[in-house]
Amino acid sequence: MSKQQGKGDLGLVALTKSFATFTAVHPLDLVVPQGSFFALLGPSGCGKTTTLRMIAGLEEPTSGRIRIGDSDITDTKAYQRNVNTVFQSYALFPHMSVLDNVMFGLRRRGDKDAKAKAKEVLELVQLEQVASKKPTQLSGGMQQRVALARALVNRPDVLLLDEPLGALDLKLRRQMQIELKRIQQEVGLTFIHVTHDQEEAMTMADSIAVMNAGRLEQLGDPATLYEQPRSTFVANFLGQSNLLRATVNPGGTDHVVTVRAHDTDLEVSREHLPEGVRDVWLGVRPEKLRLGEGGGPNQLRGIVRDVSFSGVATQYSVQMPWGQELIVVQQNDGTARAVLGETVTVSWAAQHGFALDASQDAEA
Ligand code: ATP
């Protein structure tokens, strides 16, 4: 790995953390490219905060190494690492002005340009007009931006964000997601963002590492993870999935393979099928399913059991003859909608499906 590692990339090499007999992080290998917006995503307790704390130097790894570029920082003290963290609790000094909060660290190190640098970064987070205010006079979203400015002002090699938007209401959270992404692109520093919110990770990150029970499940860009998950865990964690139990039929063409699901042959692109597997989950995202025949080979008939309208789209639950309900999401684009109790055909294109090895995941 070290040979391919870029100059300022962050590298985790077989990094582990155990608390007594409990292993919170199993050997973890990751390279976070310099200047990328990287998300560590997973449910509560999966080990993402522990991983972040090891990178920050707040938690000592049980084994493994941490590198930034060519330098090994595993044994470097937290305050000597060029790594800053933004926490959900802003941890600002209440008696100091916004400007003083931001330049505090630089001043202590005797940086003569502290004020100019602080002003520049306050401009970046669009808080220059409140520089003389106290943090308590600001809204939660603004306080979060002060904390961000303070963490950015000395241009760390890596900025760690631990659920930084968790305390904000949904609307503000969405605004801050876009804002954070803009700031990251502008400063060009490496951001590592910990979150359990899949939408947040997908909105902001260039790459996402999905963690589950202390292990890396899958690493990739948001679209690949969403469209080509490699486990039922990732398929279910990153949005809704329809998963059909199926068996791979022998043969097929270079491009397409058929699988048998509940006595029906269905097609899936060969590139979306793991090699050498027999028992699979055939997955299709709800918005990739169509109500209507669509002319292709993948068609199933069922009865509409639920219709829920949400403005932009309508979600249908369609019960198959074997009892399973498929979720279909259709844009409300003026075409006819199905009604409760109606028998409908659900169809999809072979390239929109993905197959997962079911020998690993008996339950979906
Ligand atoms: P959350 O979003 O809830 O913080 P997480 O994915 O960040 O979840 P961690 O905080 O990294 O998860 O915790 C991973 C596991 O390690 C959890 O089961 C947690 O209880 C355990 N753990 C974390 N810190 C300690 C500790 N100091 N002592 C014992 N167990 C710990």
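The values are calculated or read from the model by the stated rules, or taken from the named source; none is laboratory data. Bear in mind that the values here come from a model prediction, so they are computed numbers and not experimental data. For neighbour counting, all protein chains shown are included, and Cβ atoms are generated from backbone atoms with ideal geometry for every residue, glycine included.
One line per residue, one yes/no per condition, for (1) farther than 24 Å from Gln351 by Cβ; (2) buried (at least 16 other Cβ atoms within 10 Å of the Cβ):
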| residue | (1), (2) |
| --- | --- |
| Gly276 | no, no |
| Leu282 | no, yes |
| Gly292 | no, no |
| Asn298 | no, yes |
| Val304 | yes, yes |
| Ser308 | yes, no |
| Gly311 | yes, no |
| Val318 | no, yes |
| Gly323 | yes, no |
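For the range 293-323, what are the residues that are of a type in the set (Phe, Trp, Tyr) and in contact with a Lys or Arg (Cβ under 6 Å, 6 or more places away or on another chain)? Even if it seems obvious, please write down each step before you answer.
First, pick out the residues of the range 293-323 that are of a type in the set (Phe, Trp, Tyr): 309, 316, 322.
Of everything in the range 293-323, nothing turns out to be of a type in the set (Phe, Trp, Tyr) and in contact with a Lys or Arg (Cβ under 6 Å, 6 or more places away or on another chain).
Checked against (1) surrounded by fewer than 14 Cβ atoms within 10 Å (Cβ to Cβ); (2) in contact (Cβ under 8 Å) with a residue 24 or more places away in the chain, Val328 passes all but a single condition, namely (1). Among the residues of the range 222-256, those identified as of a type outside the set (Phe, Trp, Tyr), touching an Asp or Glu at 6+ places or on another chain (Cβ under 7 Å) and either buried (at least 17 other Cβ atoms within 10 Å of the Cβ) or closer than 24 Å to Gln330 by Cα (or both) are Ser231, Thr232, Val234. If the condition is being within 10 Å of the chain's Cα centre (by Cα) and in a loop (DSSP other than H, G, I, E, B), then the range 212-241 contributes Asp221, Leu238.
Would you confirm whether or not the range 339-349 contains a residue that is closer than 20 Å to Thr224 by Cβ and in contact with a Gly (Cβ under 7 Å, 6 or more places away or on another chain)? For the range 339-349, residues closer than 20 Å to Thr224 by Cβ and in contact with a Gly (Cβ under 7 Å, 6 or more places away or on another chain): present.
Residue by residue, here is whether (1) within 20 Å of Pro222 (Cα to Cα); (2) part of a strand (DSSP E or B); (3) within 16 Å of the ligand (Cβ to nearest atom); (4) at pLDDT 95 or above holds:
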| residue | (1), (2), (3), (4) |
| --- | --- |
| Leu148 | no, no, no, no |
| Ala151 | no, no, no, no |
| Arg155 | no, no, no, no |
| Leu159 | no, yes, no, yes |
| Gly166 | no, no, yes, no |
| Lys171 | no, no, no, no |
| Arg174 | yes, no, no, no |
| Glu179 | yes, no, no, no |
| Val194 | yes, yes, yes, yes |
